[in-house]
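I have placed the structure first, in the form of structure tokens, so that the comments after it can refer back to it.
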Amino acid sequence: MSRDGVGVVDHAPGPLPSVGRVAGRMPPAGQVVVTGIGVCAPPVERPAADGAWFDVRTQLGRRGYKYLPAACQYLLVAGRHALDDAGDCLDAAAEQDRGVVVGTNNGVAALHDEQDRTVIAEHASELSPVTAPYGAVNVLTSRLSMEHGFTGISLTLISPLVAGLESVQVGARAFAAGRATLLLAGAMEQAVPAPEVAAPEEGAVVLVLEPPEQAEARGAAGYGRCAVRTLLLPPHGLAAGVARERAVAVVRETARSLGADQVPVYALLDDSAVSELVAGAVPAAVGPVRDAGPPTAGSLTPMLRLADRLRAADGDSLLVTAAGTGNVAMVRIWRTAGSTRRSAGC
């Protein structure tokens, strides 16, 4: 905590060794290999709001999925695509060593809105017994676990904007702690009923994560490796003084520890004071910071951009995102040399 009472919270178990200072060297801790990518999201040319981009019967089947919240449907589709893309990854991990971590901000917002209106206008007894259990957001994540026999950890994260990227970070921690040897990490969102601040999001992204040694043992080069660091910069008090100086120093050192001064930097930033601080503090020695687009109303867009960077053919990079809530995430991506794989999507 700084002297004026404003803290900077670093959501990492410990600093990663600096990257890129010695040719060919990468940090030994905090990395995961992405061996599969699954995306279920509306095409750019068709707005999500029209609902025409997704048909649950075509994507999942005629029975067992119709009454699931849309975000859960998207998650299940993305999970199937990711596991298909990863090949025989299930053979490398026992069911109890398989985990799922998913981030969301608005995955059940529409359902909660519907339930509120039912209770206010009628009575709680009128809630649908089919959809009521999904008012608990982790039930959506658990549905993905049950779909594929994952009986290990099952977590849902809700940190604004960065929840999806945090799922990758939690995956690395789970591997280091021996809690899992295979992980599905993702983000799912459904358009909020009345968006006011940012554009609504719909869709899901799922990444198959494996420890580097396991992926190597089964000959899976995948798309590459990534390491995630997250920070919380309390927005109050960042205008000037000791708190701002400390925040700038933490952001700069975190970015440098991930090799920001060695690779192109892509940013998802809003017009907040937090984003302005982050933009000025992240080193960008390899050309200017590339604009990866503005944040939207949930945690999906940063994960879509991570999937884009993993599938890109232009080498390593750093993805940075920040929002006025104070949530900041940085992802260092080491692309697998020569990889030309393309994952499936809706």
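Can you tell me which of 275, 257 is more than 20 Å from the chain's Cα centre (by Cα), polar (S, T, N, Q) and either modelled with pLDDT under 95 or open to solvent by 10 Å² or more (accessible area, probe 1.4 Å) (or both)?
On the way: 275 fails: more than 20 Å from the chain's Cα centre (by Cα).
So the residue among 275, 257 that is more than 20 Å from the chain's Cα centre (by Cα), polar (S, T, N, Q) and either modelled with pLDDT under 95 or open to solvent by 10 Å² or more (accessible area, probe 1.4 Å) (or both) is 257.
Looking at 225, 173, 229, 143, can you tell me which residue is over 30 Å from residue 252 (Cα atoms) and either in contact (Cβ under 8 Å) with a residue 60 or more places away in the chain or buried (at least 24 other Cβ atoms within 10 Å of the Cβ) (or both)?
On the way: 225 fails: over 30 Å from residue 252 (Cα atoms); 173 fails: over 30 Å from residue 252 (Cα atoms); 229 fails: over 30 Å from residue 252 (Cα atoms).
It is 143.
Which one is nearest to residue 258 (Cα to Cα) among residues in the range 297-306 that are surrounded by fewer than 24 Cβ atoms within 10 Å (Cβ to Cβ) and in contact (Cβ under 8 Å) with a residue 40 or more places away in the chain? It would help to see each step written out before you state the result.
If we filter the range 297-306 for residues that are surrounded by fewer than 24 Cβ atoms within 10 Å (Cβ to Cβ), which is where we start, we get 297, 304-305.
From what's left, in contact (Cβ under 8 Å) with a residue 40 or more places away in the chain: 297, 304.
On the way: 297: 27, 304: 20 Å.
Step by step, filter the range 297-306, then rank; the result is 304.
With the requirement that a residue be under 22 Å from residue 203 (Cα atoms) and among the charged types (D, E, K, R), what does the range 107-152 give you?
Passing the criteria: 113, 114, 143, 147.
Which ones in the range 93-113 are at pLDDT 85 or above, assigned to a helix (DSSP H, G or I) and not polar (S, T, N, Q)? Before you say what the answer is, go through the steps one by one.
Residues of the range 93-113 that are at pLDDT 85 or above, as a first pass: 93-108.
Still in the list and also assigned to a helix (DSSP H, G or I): 95-97.
Of everything in the range 93-113, those that are at pLDDT 85 or above, assigned to a helix (DSSP H, G or I) and not polar (S, T, N, Q) turn out to be 95, 97.
When residue 82 is evaluated against the numbered criteria (1) modelled with pLDDT of 95 or more; (2) in contact with a helix residue (DSSP H, G or I) (Cβ under 7 Å, 6 or more places away or on another chain); (3) of a type outside the set (Val, Ile, Thr), which criterion, by number, is the only one it fails?
Failing condition for residue 82: (2).
Determine, yes or no, whether residue 109 is of a type in the set (A, V, I, L, M, F, W, C), within 30 Å of residue 34 (Cα to Cα) and under 23 Å from the mean Cα position of the chain (by Cα).
Details: of a type in the set (A, V, I, L, M, F, W, C): yes; within 30 Å of residue 34 (Cα to Cα): yes; under 23 Å from the mean Cα position of the chain (by Cα): yes.
Considered against the rule, which asks whether it is of a type in the set (A, V, I, L, M, F, W, C), within 30 Å of residue 34 (Cα to Cα) and under 23 Å from the mean Cα position of the chain (by Cα), residue 109 comes out as yes.
Please state which of the following conditions residue 345 fails to meet, knowing it meets all the rest: (1) modelled with pLDDT of 90 or more; (2) under 17 Å from the mean Cα position of the chain (by Cα).
With (1) modelled with pLDDT of 90 or more; (2) under 17 Å from the mean Cα position of the chain (by Cα) applied to residue 345, the lone miss is (1).
Please go through the range 114-156 and give me each residue that is part of a loop (DSSP other than H, G, I, E, B), touching a strand residue (DSSP E or B) at 6+ places or on another chain (Cβ under 8 Å) and of a type in the set (Ser, Thr, Tyr), ordered by number.
Our first condition is that a residue be part of a loop (DSSP other than H, G, I, E, B); within the range 114-156, this holds for 122-123, 127-131, 136-137, 149-153.
Retained after the next criterion (residues that are touching a strand residue (DSSP E or B) at 6+ places or on another chain (Cβ under 8 Å)): 137, 149-153.
Hit for the range 114-156 is 151, nothing else.
Considering only the range 70-112, state which residues are closer than 20 Å to residue 218 by Cα and hydrophobic (A, V, I, L, M, F, W, C).
If the condition is that a residue be closer than 20 Å to residue 218 by Cα and hydrophobic (A, V, I, L, M, F, W, C), then 82, 83, 86, 89, 90, 92, 93, 94 are the ones that fit.
Out of all the residues in the range 65-117, which are farther than 30 Å from residue 127 by Cα, of a type in the set (A, V, I, L, M) and either open to solvent by less than 30 Å² (accessible area, probe 1.4 Å) or touching a His at 6+ places or on another chain (Cβ under 9 Å) (or both)?
Answer for the range 65-117, where residues must be farther than 30 Å from residue 127 by Cα, of a type in the set (A, V, I, L, M) and either open to solvent by less than 30 Å² (accessible area, probe 1.4 Å) or touching a His at 6+ places or on another chain (Cβ under 9 Å) (or both): 82, 83, 86, 90, 93.
The values are calculated or read from the model by the stated rules, or taken from the named source; none is laboratory data. Quantities reported herein were computed from a predicted structural model and do not represent experimental measurements. Reconstructed Cβ throughout: ideal geometry from the backbone, glycine too, with neighbour counts over all protein chains shown. Accessible surface is based on the protein model in full, side chains and every heavy atom, while ligands, DNA and RNA are left aside. Shrake-Rupley method; radii C 1.70, N 1.55, O 1.52, S 1.80 Å.
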